[in-house]
Amino acid sequence: MNRLKNGLILLILISFLSLIAIMPVACLFKTVTGISCPACGMTRAFICILHFDFLEACYQNLLSIPLFLFLIFSVIMLLKDFIQNRFSYIPHVLQFLGQYTCPLILLLTISFIFNNAK
């Protein structure tokens with residue numbers, strides 16, 4: 001059962017990363033409100049990271065490099081859990097998100113301000 005959970009999560013994550021690399025994505029928040037959300041520019045930033053243009057990636061979205069590294073780390077940890085038939089990584093991530101909710105909201109707020117100031 002653990003292998004099935006990990007495999008499904010891994011498949012969703014890899015599918016998402018593949019889709020954002022090939023499909024243009026419009027921000028629903030920006031379309032409705034006219035202002036950029038904290039994640040606006042993330043697709044362009046990920047493409048810049050894949051082309052090793054880290055300065056442009058930071059300009060597109062401040063949180064792009066940490067999020068990209070987190071996603072790569074998550075894929076590796078999910079693969080490890082999948083191979084070992086364990087389900088330990090996702091509960092650790094959820095615990096981390098619960099413990100650091102306020103700092104994460106602060107980072108999203110800073111990203112929101114930066115995206116709308118540029």
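Worth a mention:
- Cα-based Rg / Dmax (Å) for the chain: 15.9, 47
- Label-to-label distance for LEU50 and LEU8 is 2.7 nm, based on points extended 7 Å past Cα in the beta-carbon direction.
- With all protein chains kept in place, the per residue accessible area of the chain amounts to 68 square angstrom at a probe of 1.4 angstrom.
- Rg then Dmax, both in Å and based on the Cα atoms of segment 7-63: 12.7, 38.
- Folded to 0 to 90 degrees: helix 2-22 orientation relative to the chain principal axis, Cα: 30
- Apolar share of the accessible surface for segment 24-90: 76 percent from carbon plus sulfur atoms, 1.4 Å probe.
- Candidate cross-link partners of LYS5 among the lysines, defined by an alpha-carbon separation under 27 Å and a same-chain spacing of 8 or more, comprise LYS80.
- Applying 0.36 nm per residue to the separation of VAL32 and ILE76 and subtracting their alpha-carbon distance, the gain on full extension is 12.2 nm.
- Rounded to 10°, Cα long-axis angle of helix 89-99 versus longest principal axis of the chain: 50
- Accessible surface for TYR59 stands near 110 Å², nearest 10, in the context of the full protein assembly shown (1.4 Å probe).
The values are calculated or read from the model by the stated rules, or taken from the named source; none is laboratory data. Worth saying up front: this structure is predicted, and the values here are computed from it rather than measured. Neighbour counts run over all protein chains shown; Cβ positions are idealised from the backbone, glycine included. Quick note on the areas: whole protein, heavy atoms, side chains included, nothing else; ligands and nucleic acids left out. Shrake-Rupley method; radii C 1.70, N 1.55, O 1.52, S 1.80 Å.
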